[in-house]
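The values are calculated or read from the model by the stated rules, or taken from the named source; none is laboratory data. Here the structure is a predicted model, which is why all the values come from computation and not from measurement. Here the Cβ is made from the backbone with ideal geometry for all residues, glycine too, and neighbour counts use every protein chain on show.
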Amino acid sequence: MQHDEHFARRLLHAQLGQAPEPRPASEPAAQAAGTAEPEPAERHRAEAPTGIGCAVVTVSDTRRRATDRGGDAAVAALERWGHEVRRRALVPDVPAAIAHALREALADARVDAVLFTGGTGLGPRDVTPEVLERRYDKPLPGFGEAFRRHSEAQIGAAAMLSRASAGIAAGKPVFCLPGSPKAVALACERLIGPELGHLLRVLERGRVRAAAAGGGEATA
C-alpha cells in the first residue's frame with residue numbers, strides 16, 4: 001500500500017511538471033526492484049541445519065516395543081522431515097525411570113533433541129510433564145499452546161485436557177507429547193519436524209552471542 005501511494009504521488013508530480021518525489025529512504029531496495037526480501041523466519045528456516053539427531057522415549061506401564069505405536073509415529077514423522085532417531089527407549093510411568101531416561105538422552109552426544117510420548121493424562125501415574133518440567137532451564141510455552149490449537153481442530157474442546165509441553169534442558173529441546181499415535185503424528189508433522197532445525201539454530205546463535213559477550217547463560 002505504501003508503495004502504491006508513493007507511485008501515485010510521483011505520477012501526480014510528473015503530470016504537473018514537477019520534480020519527482022524522492023523514494024523514501026526506508027523503502028528496501030529489493031522492494032524498489034519489485035522483489036520482496038524473505039521474512040527473517042523464512043530465511044532462518046532455509047539456513048537451519050537438517051538431519052537433527054533425536055531421541056524418542058515412550059513412557060508406559062503396558063506398552064512394549066512391538067506395541068509402541070506412539071513411538072513408531074514419532075520416528076516415522078521425524079524421518080519424513082529428514083531427521084534421524086539415534087536413540088529410543090521405553091520406560092514405565094515411574095518418576096525415577098523417566099528422569100533417568102532424560103539424563104541419558106541429554107548426555108548422548110549424538111542427540112540434539114529429545115521427545116517423550118505418554119504419561120501426560122490426568123491419572124495418578126501420569127507424571128511425565130511434572131518430571132520433565134523440573135529439568136527445563138527455559139520453558140517453551142508456545143509449543144503447548146500451538147499443539148492445543150491444532151488439536152482443537154481435530155478433537156474440539158477436549159484439546160484443553162492436553163498437558164503437552166516443551167522446554168530447553170542442558171541446551172537441548174525436550175518435548176513432552178501424549179501417547180496417542182494421532183497426537184504424536186500431529187505434533188511431529190505440524191510443529192516439531194518443520195521447526196526443529198530452526199529452533200536449534202536459534203539456540204546456537206544464543207550461545208555464540210553469549211560467548212562473544214564474555215560468557216554467562218546463553219539466551220535464544
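Brief remarks on what is shown
- Per-region count, the stretch 138-160, residues over 11 Å from the mean Cα position of the chain (by Cα) and in contact (Cβ under 8 Å) with a residue 40 or more places away in the chain: 2
- All positions within the stretch 57-70 that are under 22 Å from R135 (Cα atoms) and within 20 Å of the chain's Cα centre (by Cα): V57, T58
- Test: residue in the stretch 171-194 that is closer than 20 Å to G53 by Cβ, in contact (Cβ under 8 Å) with a residue 24 or more places away in the chain, acidic (D, E) and surrounded by 19 or more Cβ atoms within 10 Å (Cβ to Cβ): no
- Residue count for the stretch 51-104, restricted to those that are at pLDDT 95 or above and in contact with a His (Cβ under 8 Å, 6 or more places away or on another chain): 4
- All helices (runs of 4 or more DSSP H) inside the stretch 55-166 with 1 or more residues being surrounded by 16 or more Cβ atoms within 10 Å (Cβ to Cβ) and in contact with a Cys (Cβ under 7 Å, 6 or more places away or on another chain): 69-80, 128-133
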